[in-house]
Amino acid sequence: MPAPEQLVLRSTLTSPFGRKVRMAAEVLGRMDRIALVPADPRDESDTLRRQNPLGKMPCLLLADGTPIYDSGVIMEYLDQLAGGGKLLPAGGLARIKTLTLARLADGITEAAILVVYEDRFREPGQQSERWLMHQRGKIMRALAAFEAAPPEASKTDIVAIGLSCALGYLDWRQAVNWRAQFPKLVAWLDAFAKREPAFNATARPQEG
């Protein structure tokens, strides 16, 4: 039999979307077939911009160099490699509902990143409070939706992976103070982190 295809993941250990892919690979038992090659979206000379014209990570490179992006697409590809139906339903309305919730979780992370970037890419005094409120509003509404109907505590799928990475990113970057207002999500994340080894295995390296 031919050797398993070796894949390359362009990302970093601190990217929340890269963490999603790494978690998926861990859950599916595929991480040993993936080589992590750091990427810098801000570096104009980084080959990431040729691999993904948007210059965004994560980007998965197949053995022949074919790029796959973004994180959601990569996770679907990894699920297919594992036989399908592991991280999301194979078809039907159940699949659509799962993808919708996964995108909601991604939206939390996307808005949180924009809050961080507002400070990172603008000079002091130039930040737009209106823009920050707009992004934080997205985060809080999405969190409220998940608070009303948290994912199944015993299930690891693309929704649970995406939401846990989003909440982990909020805890790190503090785009909003979410824990006091969403106790069900706090309890869900605690239970998920305790049950799913891939969550702690993909945590960002601690400073110091």
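Filter segment 62-95 for residues that are under 18 Å from the mean Cα position of the chain (by Cα), within 22 Å of G29 (Cβ to Cβ) and assigned to a loop (DSSP other than H, G, I, E, B) and give the result. Within segment 62-95, K86, L87, L88 meet the criteria. Total residues in segment 64-77 satisfying the condition of being touching a strand residue (DSSP E or B) at 6+ places or on another chain (Cβ under 8 Å) and of a type in the set (A, V, I, L, M): the figure is 2. Among all residue pairs at least 6 apart or on different chains, which show Cβ distances below 8 Å where the first residue, located in segment 10-34, is within 12 Å of A201 (Cβ to Cβ) and free of Cβ contacts under 8 Å to residues at least 24 places away in the same chain and the second is small (G, A, S) and surrounded by 19 or more Cβ atoms within 10 Å (Cβ to Cβ)? The qualifying pairs are M31/A25.
A single member of A105, A112 is in contact with a Gly (Cβ under 7 Å, 6 or more places away or on another chain), buried (at least 17 other Cβ atoms within 10 Å of the Cβ) and not polar (S, T, N, Q), and it is A105. Kindly provide the set of residues from segment 121-172 that are touching a Lys or Arg at 6+ places or on another chain (Cβ under 9 Å) and more than 30 Å from K86 (Cβ to Cβ), ordered by number. Listed by number, the list holds a single entry, S128. Residue-level analysis places M75 outside the set of residues that are in contact with a Pro (Cβ under 7 Å, 6 or more places away or on another chain), at pLDDT 95 or above and at negative phi.
Taken residue by residue, segment 9-28 has no member that is loosely packed, with under 13 Cβ neighbours inside 10 Å and of a type in the set (G, A, S).
Are any of the residues in segment 184-198 under 23 Å from S71 (Cα atoms), surrounded by 22 or more Cβ atoms within 10 Å (Cβ to Cβ), among the hydrophobic types (A, V, I, L, M, F, W, C) and touching a residue at least 60 places away in the same chain (Cβ under 8 Å)? The answer is no, given that none of the residues of segment 184-198 is under 23 Å from S71 (Cα atoms), surrounded by 22 or more Cβ atoms within 10 Å (Cβ to Cβ), among the hydrophobic types (A, V, I, L, M, F, W, C) and touching a residue at least 60 places away in the same chain (Cβ under 8 Å).
Sort out which residues of segment 72-86 are in contact with a helix residue (DSSP H, G or I) (Cβ under 7 Å, 6 or more places away or on another chain) and not basic (K, R), and write them in order of number. G72, I74, M75, L78, listed by residue number.
All of A191, A166, A160, A198 fail the test of being in a helix (DSSP H, G or I), more than 17 Å from the chain's Cα centre (by Cα), within 28 Å of G29 (Cβ to Cβ) and small (G, A, S), apart from A191. Among the residues of segment 42-61, is any outside any helix (DSSP H, G or I), surrounded by 13 or more Cβ atoms within 10 Å (Cβ to Cβ), touching a helix residue (DSSP H, G or I) at 6+ places or on another chain (Cβ under 7 Å) and among the small types (G, A, S)? Yes: segment 42-61 contains one or more residues that are outside any helix (DSSP H, G or I), surrounded by 13 or more Cβ atoms within 10 Å (Cβ to Cβ), touching a helix residue (DSSP H, G or I) at 6+ places or on another chain (Cβ under 7 Å) and among the small types (G, A, S). I'd like the full set of residues that are more than 29 Å from L170 (Cβ to Cβ) and assigned to a helix (DSSP H, G or I), limited to segment 1-41. D32, R33, listed by residue number. Contact map, segment 120-140: residues that are over 25 Å from A105 (Cβ atoms) paired with residues that are surrounded by 11 or more Cβ atoms within 10 Å (Cβ to Cβ) and among the charged types (D, E, K, R), Cβ distance under 6 Å, separation 6+ or inter-chain. Pairs shown: Q127/E118.
The values are calculated or read from the model by the stated rules, or taken from the named source; none is laboratory data. Computed from a predicted structure; not experimentally measured. Neighbour counts run over all protein chains shown; Cβ positions are idealised from the backbone, glycine included.
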